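To start, the structure itself, in structure tokens.
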Amino acid sequence: MNNANQITIFDTTLRDGEQSPGASMTREEKVRIARALERLRVDVIEAGFPAASQGDFESVRAVAETIKDARVCGLARANEADIDRAGEAIAPAAAGRIHTFIATSPVHMEKKLQLTPDEVVERAVNAVARARNLCDDIEFSPEDAGRSEPDFLCRIIEAAIDAGATTINVPDTVGYNLPGQFAGLIGDLRGRIPNADQAVWSVHCHNDLGLAVANSLAAVREGARQIECTINGLGERAGNAALEEVVMALRTRRDDFPCDTRIETREILPTSRLVANITGFQVQPNKAIVGINAFAHESGIHQDGVLKHRETYEIMRAEDVGWGTNRMVLGKHSGRNAFRSRCEELGISFETAGQLNEAFQRFKELADKKHEIFDEDLQALATEAVAALEEEQTVSLVAFRCCSETGETPTADVTLLVDGEEQRNSAAGDGPVDAAFSAIQGILQLDVELLLYSVNNITTGTDAQGEVTVRLERGGRTVNGQGSDTDIVIASAKAYLNALNRLRRGASRTHPQTEGV
Ligand code: KIV
Ligand code: ZN
């Protein structure tokens, strides 16, 4: 395979993915996902939008300091402050990139930016030139290219390449394009722009019509050599092109796409699980590649066919994307070193002895309740342990008791440590979880709205841990909280407290595409 046919996989789970309402991640969570993306061997990790908030800046910087085998990219609007902030955030990276963008569609220029096309070109050129002084790898995106005038796109892209852009990314920001049309746009631009061959062509497709992957693949036929995508297709509104689908389509249909990626496909499922676990966005069962049913055969005819010859009903091997590698790793007799080294293999590293102790302690408690501890259990356990120490936990669970009996109203009795002081409360509810939340609310008295409550089993079996995600909103801020336990009511109380702690701490970020330049 020659280099011209290598597809660069640009992962934007930590940036566009995080723009899914409710998917915000802490710095530590972002670093863990970035490590998983490095093991997956993505080429570029868009780690965030440094000018959005101090937290975003620190997350991008932490990813830049950690990752060695992928380029780390920071997003910036086309203005000096954003570019400088992105340059500062990616400075420690072994290989860095600044990605700057400005909207180019008539509706965005006129209504959102209130700039003339000439002013937009000028800002784009200035931004690229300024970024080029900070970093030699610059990506430029004409936002909403899918609804922009091709003539204007030719003009601004040519100017951006002249100013030093090394990658030109064509976004279908609102997921409006159809595959033939989008491919036609890429072919047209590449054919008409005189300096087109001096940049790598990239696409960034949103999934509003369910066409993000199809549009991205169609663009490859017209010479796109970078695809922007996210794990599990996470992202703004209906999301972005799903990395796992793009990669496996290119690989499975190599007969049609003479292209290759660097991706270690067996890391797809573990990475998908990690992202689902951290964001609380669980994958639908019938989701291609990573859904629990993606390789399950229900009908007798299919089962019979697969047993006789796998290729009757399977176009990919489940193990090639990481299924079936769910090893029983540790048990109650495992020691601290075995625990730490398996965590390290999973990309979970403990920065302090305190974090390791906390996680090991939780591991021992879990091993007392559950015979076999799987990788997924470790991921969940580490998320909780590190969050408990890293994030200021002003409220923690001291004791919990609940009573649920046929014909009786369930009740819960909760003791919390709130700012160093123990407080106790009891409440009744429609079910034990409702009672637990009411009892906690009775103590904290926070005006919150419950947007989402979901329970998933982390592994299989009746002794599996339940993993609960709770999404809360207060005053326009949305946070997720996670909790896991073999008792799902306790897991629910933990998740609720985790989210309440996050809300009590406060922090906010601006949104890259709804802000002006
Ligand atoms: O969808 C979009 O246009 C974006 C840009 C910032 C590339 O996310
Ligand atoms: Zn986007």
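The values are calculated or read from the model by the stated rules, or taken from the named source; none is laboratory data. Just so it is clear, the structure is predicted and the values come from calculations on it, not from any experiment. A quick note on method: Cβ atoms are made from the backbone with ideal geometry, for glycine too, and the neighbour counts reach across all protein chains shown. We work out accessible area using only protein heavy atoms, side chains counted, and drop any ligands, DNA or RNA first. Shrake-Rupley method; radii C 1.70, N 1.55, O 1.52, S 1.80 Å.
Things to note:
- Phe257 part of a helix (DSSP H, G or I) and aromatic (Phe, Trp, Tyr): no
- Ser216 being closer than 26 Å to Ile98 by Cα, within 16 Å of ligand 1 (Cβ to nearest atom), in a helix (DSSP H, G or I) and of a type in the set (Gly, Ala, Ser): yes
Table: residues versus (1) in a helix (DSSP H, G or I); (2) hydroxyl-bearing (Ser, Thr, Tyr); (3) closer than 19 Å to Gly481 by Cα; (4) at pLDDT 95 or above.
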site: Ser24; (1), (2), (3), (4): no, yes, yes, no
site: Glu28; (1), (2), (3), (4): yes, no, yes, no
site: Glu38; (1), (2), (3), (4): yes, no, no, yes
site: Val42; (1), (2), (3), (4): no, no, no, yes
site: Glu46; (1), (2), (3), (4): no, no, no, yes
site: Val60; (1), (2), (3), (4): yes, no, no, yes
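- Of all the listed residues (Phe140, Phe101), the sole one being touching an Asp or Glu at 6+ places or on another chain (Cβ under 9 Å), modelled with pLDDT of 95 or more, aromatic (Phe, Trp, Tyr) and within 23 Å of Asp43 (Cα to Cα) is Phe101.
- If only residues of the stretch 10-22 that are surrounded by fewer than 24 Cβ atoms within 10 Å (Cβ to Cβ) and either at pLDDT 95 or above or not in a helix (DSSP H, G or I) (or both) are counted, the one that is farthest from ligand 1 (Cβ to nearest atom) is Gly22.
- Counted residues, the stretch 445-467 - those being within 24 Å of Glu422 (Cβ to Cβ) and crowded, with 19+ Cβ neighbours inside 10 Å: 1
- When the stretch 229-284 is filtered for residues that are at positive phi and either hydroxyl-bearing (Ser, Thr, Tyr) or away from ligand 2 (no atom under 16 Å from the Cβ) (or both), only Gly280 remains.
- Annotation for the stretch 102-110: at least one member residue is within 26 Å of Leu134 (Cα to Cα) and of a type outside the set (S, T, N, Q).
- Subset of the stretch 115-128 [open to solvent by 60 Å² or more (accessible area, probe 1.4 Å) and part of a loop (DSSP other than H, G, I, E, B)]: Thr116
- All of (1) in contact with a strand residue (DSSP E or B) (Cβ under 7 Å, 6 or more places away or on another chain); (2) small (Gly, Ala, Ser); (3) open to solvent by 10 Å² or more (accessible area, probe 1.4 Å) hold for Ala218 with one exception: (1).
- The residues on offer are Arg266, Arg251, Arg237, Arg273, and the sole one that is of a type outside the set (A, V, I, L, M, F, W, C), in a helix (DSSP H, G or I), more than 21 Å from Ile315 (Cα to Cα) and open to solvent by 10 Å² or more (accessible area, probe 1.4 Å) is Arg273.
- Filter result (among the aliphatic types (A, V, I, L, M) and within 30 Å of Gln445 (Cβ to Cβ)) within the stretch 359-400: Ala380, Ala385, Val386, Ala387, Ala388, Leu389, Val395, Leu397, Val398, Ala399
- Within the stretch 43-56, residues that are over 19 Å from Val200 (Cβ atoms) and touching a residue at least 24 places away in the same chain (Cβ under 8 Å) have Cβ atoms under 7 Å from residues that are β-branched (Val, Ile, Thr) and not in a strand (DSSP E or B) in these pairs: Ala47/Val60; Ala47/Val63; Gly48/Val60; Pro50/Val60; Ala52/Thr510; Ser53/Thr510, counting only partners at least 6 apart in sequence or on another chain.
- Selection status of Glu267, closer than 19 Å to Val290 by Cβ and charged (D, E, K, R): yes
- Selected residue [of a type in the set (Asp, Glu), over 17 Å from the mean Cα position of the chain (by Cα) and under 26 Å from Gly48 (Cα atoms)] from Glu228, Glu236, Glu245, Glu264: Glu264
- Residues satisfying the stated conditions in the stretch 146-170, i.e. within 16 Å of ligand 2 (Cβ to nearest atom) and open to solvent by 10 Å² or more (accessible area, probe 1.4 Å): Gly146, Arg147, Ser148
- So Asp82, is it farther than 17 Å from Ile157 by Cβ and either more than 22 Å from the chain's Cα centre (by Cα) or open to solvent by 70 Å² or more (accessible area, probe 1.4 Å) (or both): yes
- Residue count, the stretch 50-67 (criterion: more than 13 Å from Gly96 (Cα to Cα), buried (at least 22 other Cβ atoms within 10 Å of the Cβ) and not aliphatic (A, V, I, L, M)): 3
- Candidates in the stretch 171-202 are the residues that are of a type in the set (Val, Ile, Thr) and within 14 Å of ligand 1 (Cβ to nearest atom); of these, the one that is least open to solvent (accessible area, probe 1.4 Å) is Thr173.
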